[in-house]
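A single structure is presented below for examination.
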Amino acid sequence: LETHYWMPPGGEIEDGEDSAIAAEREAVEETGVILKTLPETRLSKEYSFEYNGLWYLTKTEFFWATFESMDRDFDPNAREDEIFASEWVPLTMAFERMAQWEPIQTAVYELVFPSTRDQSGAINTKG
């Protein structure tokens, strides 16, 4: 049984590549969106997650970015082995779709709403 998840664009950083540039590259590769990251908005998170029965420890960096243009040659079917669909949705729906990956959902929420931390440092994602 295949399981599909909604996630923001992302992937591995290539050797010698800055994480902000990697984010720009991944956005084009996965969505056709050409963007410019704002490195000063970098939000780094370390977390563990289970995938296909294995646990991974990872560090992910998130950024605000500005839309530049669309890659006219982008073929959304070219990466069907890992990308099954992409679409623009309202922010509340995006958070709902990321619910199965709580660390990603929380980090994106913190990036969008930086003043949502309580005094313990926890993020209130319930609004």
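Here, each number is a calculation from the coordinates, and none is a lab measurement. Model, not experiment: these values are computed from the prediction. All Cβ positions, even for glycine, are placed from backbone atoms using ideal geometry, and neighbour counts span all protein chains on display.
Using the structure shown, decide if E29 is touching a strand residue (DSSP E or B) at 6+ places or on another chain (Cβ under 9 Å) and of a type outside the set (A, V, I, L, M).
no
Okay, next question. Restricting attention to region 17-69, and to residues there that are polar (S, T, N, Q) and in a helix (DSSP H, G or I), which single residue is surrounded by the fewest Cβ atoms within 10 Å (Cβ to Cβ)?
Among residues in region 17-69 that are polar (S, T, N, Q) and in a helix (DSSP H, G or I), the one surrounded by the fewest Cβ atoms within 10 Å (Cβ to Cβ) is S19.
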